[in-house]
Amino acid sequence: MASHNYCHILLSLLLLFVTLAYQSFANPRMLSLVKPKPLVLKYRDGVLLKGNIKVNLIWYGKFTPAQRAIIVDYLQSLSPKKPHTPAPPSVASWWRTTENYKGGPSIITVGKQIFLHSYPIGKSLNTTHMEDIAFKFHNVNTINVILTASDVLVEDFCMNRCGSHGWTRGKKGMKFAYGWVGNSASQCPGVCAWPFAKPLVGPQIPPLVAPNGDVGVDGMVVNLATVMAGTVTNPFDKGYFMGTPSIPLEAVTACRGIFGSGAFPGFPGRVLVDKVTGSSYNAKGLNGRKYLLPAMWDPKTSTCKPLV
Ligand SMILES: *[C@@H]1O[C@H](CO)[C@@H](O)[C@H](O)[C@H]1NC(C)=O
């Protein structure tokens, strides 16, 4: 009965940073005088999702096979079998930071894929609809992730969320976690597929070239990464977060907008560039894939740790 929205904190953080940045320019000494506070996500003593976890993908609306492969390869790159693991920086090395949260590794495998090509409950969904869809396919140690196509409207999509995760109760009253991520390509790429599209507000740096050549779906990977990290480290509102349970800052939302070192509001940070395609990335995955993943908060250092 809870769902965490991503992006709504974004604007207020952005304003805060812009104000801070402005003050720093006005008085350069402030930068050296003010030590950044360590960021602390408090652990609330509840269960996290650890051990073997299946992720079922529920494709709601139309996706091409190429689009689905970008997302499936990303998920399969989280916990790859040893001989296939690419050298860091990789999707697997990014995911390993979740092991620093109490309880050891969360080993992700892709479970079922369910195709709802023909919009069985329409093209406008809210949280109740999401829970209903997730409920149908839920199982133990499974996260159902609903992926909505670019022509599906979702309550608060683009306004204050690009994806979300939540939980509800299953058939025997057991809690289960689910997630949602939407393709923002035609609705709000500047909000939900940044830094691959020009932002609606703030500094207008040129967009980065999307690593898999699909602005909407590469943006979905960023938001899916955010949802996955938030789900395993705060599945039932009693995990790690900062702030209030209804508006929490979690593993990745606490680090919003950071992709590489030297990031500041409007600038994603320094990342790697593929010499052939000119695309930006910071993590290698299986099948020769490249992805751009957001920084994750590391409990060991209490900092947001970009991969590069
Ligand atoms: C979602 O929409 C349905 C009608 O389609 C409505 O019955 C339900 O209460 C709505 N849920 C929320 C959380 O607004």
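For this structure, a couple of remarks:
- Here the calculated FRET efficiency for PHE135 and LYS102, from their Cβ-Cβ distance with R0 = 25 Å, stands at 0.35, rounded to the nearest 0.05.
- Distance from segment 259-278 to segment 74-132 (C-alpha centre basis), Å: 24 Å
- Straight-distance crosslink candidates among lysines, where the alpha carbon sits under 17 Å from LYS54 and sequence neighbours closer than 8 are dropped: LYS81, LYS112, LYS136, LYS175
- ILE205 versus ALA69: modelled label distance in nm, points set 7 Å from Cα along the beta carbon direction: 3.1 nm
- In summary, the aspartates and glutamates within cross-link reach of LYS123, defined as a Cα separation below 13 angstrom excluding same-chain residues under 8 places away, comprise ASP151, GLU155.
- The fraction of accessible area contributed by carbon and sulfur in the chain is 62 percent, rounded to a whole number (1.4 Å probe; ligands and nucleic acids excluded).
- Gaussian network model of the chain, Cα within-10 Å springs - most flexible of GLY182, GLY202, GLY61: GLY202
- 5 angstrom amide H check on VAL110, placed H, neighbours 5+ away: VAL55
- Candidate cross-link partners of LYS82 among the lysines, defined by an alpha-carbon separation under 16 Å and a same-chain spacing of 8 or more, comprise LYS284.
- Residues whose placed amide H lies under 5 Å from that of GLY163, excluding near-sequence neighbours: TYR6
- Computed extension gain for PHE115 through HIS84, at 0.36 nm per residue and net of the alpha carbon distance, reaches 8.3 nm.
- Residues considered: TYR119, TYR291, TYR60. Largest GNM mean-square fluctuation over the chain, using C-alpha springs under 10 Å, is found at TYR119.
- The mean accessible area for residues of the chain, using a 1.4 Å probe and ignoring ligands and nucleic acids, is 46 Å² per residue.
- Kirkwood Rh in Å, taken over all unlike Cα pairs in the chain: 19.5 Å
- Looking at the chain alone, DSSP beta bridges between its own residues are antiparallel in about 50 percent of cases.
- Three-way shape label, segment 64-213, alpha-carbon gyration tensor, a/c 1.5: oblate
- Extension gain for the segment MET159 to LYS42, taken as residue separation times 0.36 nm less the Cα-Cα distance, is 39.4 nm to one decimal.
- Treating r as the C-beta distance of THR303 and LYS54 and R0 as 30 Å, the FRET efficiency rounds to 0.45.
- Per residue, the average separation of C-alpha pairs within less than 8 Å and at least 6 apart gives the chain a relative contact order of 24 percent.
- Protection proxy ranking, peptides 145-157, 105-117, 294-306, average beta carbon neighbours within 10 Å, highest first: 145-157, 294-306, 105-117
The values are calculated or read from the model by the stated rules, or taken from the named source; none is laboratory data. Keep in mind that this is a model prediction, so the values were computed, not measured. When we count neighbours, we look across all protein chains shown, and the Cβ atoms used for this are built from the backbone with ideal geometry, even at glycine. Quick note on the areas: whole protein, heavy atoms, side chains included, nothing else; ligands and nucleic acids left out. Shrake-Rupley method; radii C 1.70, N 1.55, O 1.52, S 1.80 Å.
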